[in-house]
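Some notes on the structure that comes next.
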Amino acid sequence: MITFKTLLLAIMMVESGGSINPDQAIGDQGRSVGCMQIQMCVIQDVNRVYGTSYTSDDRNSRKASLEIAEAYLKHWGKVYTKRTGEEPTGEIYAKIWNGGALAYEKTNPKVVNNLNNYWKKVRQVL
């Protein structure tokens with residue numbers, strides 16, 4: 001069984017190879033930044049749910065990025081449990097990270113294929 005921290009580190013490796021170099025850790029035409037490739041909507045969501053005050057600049061801190069990712073995934077993991085009656089797996093968490101809060105509900109074959117491929121990459125790192 002993998003730990004949550006191990007899963008986060010595997011996601012980080014898939015997202016950026018662990019880089020916090022601002023020139024290297026930018027994706028999605030500049031929308032995703034830092035070692036976890038965090039978009040502002042994730043920061044806004046975490047701040048809304050937890051009353052925190054993370055900023056755009058926190059994406060360039062490995063420590064803050066991992067805190068943001070953990071908070072986001074734990075919140076949406078609880079939502080997953082409420083909606084499905086099941087505990088989220090590493091696969092579910094990875095798909096939420098890659099495809100958004102309700103990624104596990106997506107049915108578009110191309111999107112589902114992309115989510116499955118993302119999970120394969122994370123699983124390979126694990």
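The values are calculated or read from the model by the stated rules, or taken from the named source; none is laboratory data. Every value quoted in this text rests on a predicted model; they were computed, and no experiment measured them. Ideal geometry is used to build each Cβ from the backbone, glycine not excepted, and the neighbour counts take in all protein chains shown. These accessible areas exclude ligands, DNA and RNA; they are computed on the full protein's heavy atoms, side chains included. Shrake-Rupley method; radii C 1.70, N 1.55, O 1.52, S 1.80 Å.
Of all residues in region 41-53, those being free of Cβ contacts under 8 Å to residues at least 40 places away in the same chain, surrounded by 15 or more Cβ atoms within 10 Å (Cβ to Cβ) and either of a type in the set (Asp, Glu) or under 17 Å from GLU15 (Cβ atoms) (or both) number 3.
Contact map, region 99-126: first residue more than 18 Å from PRO88 (Cα to Cα), second residue assigned to a helix (DSSP H, G or I) and open to solvent by 80 Å² or more (accessible area, probe 1.4 Å), Cβ cut-off under 7 Å, separation 6 or more or different chains; pairs are VAL125/MET13. When region 17-37 is limited to residues that are of a type in the set (S, T, N, Q) and modelled with pLDDT under 90, the one that is nearest to GLN124 (Cα to Cα) turns out to be SER19.
Report whether or not ILE38 is crowded, with 17+ Cβ neighbours inside 10 Å and either touching a Ser or Thr at 6+ places or on another chain (Cβ under 7 Å) or farther than 23 Å from GLU15 by Cα (or both).
Working: crowded, with 17+ Cβ neighbours inside 10 Å: yes; either touching a Ser or Thr at 6+ places or on another chain (Cβ under 7 Å) or farther than 23 Å from GLU15 by Cα (or both): yes.
Spelling it out, ILE38 is indeed crowded, with 17+ Cβ neighbours inside 10 Å and either touching a Ser or Thr at 6+ places or on another chain (Cβ under 7 Å) or farther than 23 Å from GLU15 by Cα (or both).
Mind listing whichever residues of region 68-104 are among the hydroxyl-bearing types (Ser, Thr, Tyr) and farther than 18 Å from TRP119 by Cα? Break it down stepwise before answering.
Within region 68-104, the subset among the hydroxyl-bearing types (Ser, Thr, Tyr) is 72, 80-81, 84, 89, 93, 104.
Listed by number, the residues that qualify are THR81, THR84.
One residue stands out among those in region 54-107 that are β-branched (Val, Ile, Thr) and more than 19 Å from LYS5 (Cβ to Cβ): the one that is most open to solvent (accessible area, probe 1.4 Å), which is THR107.
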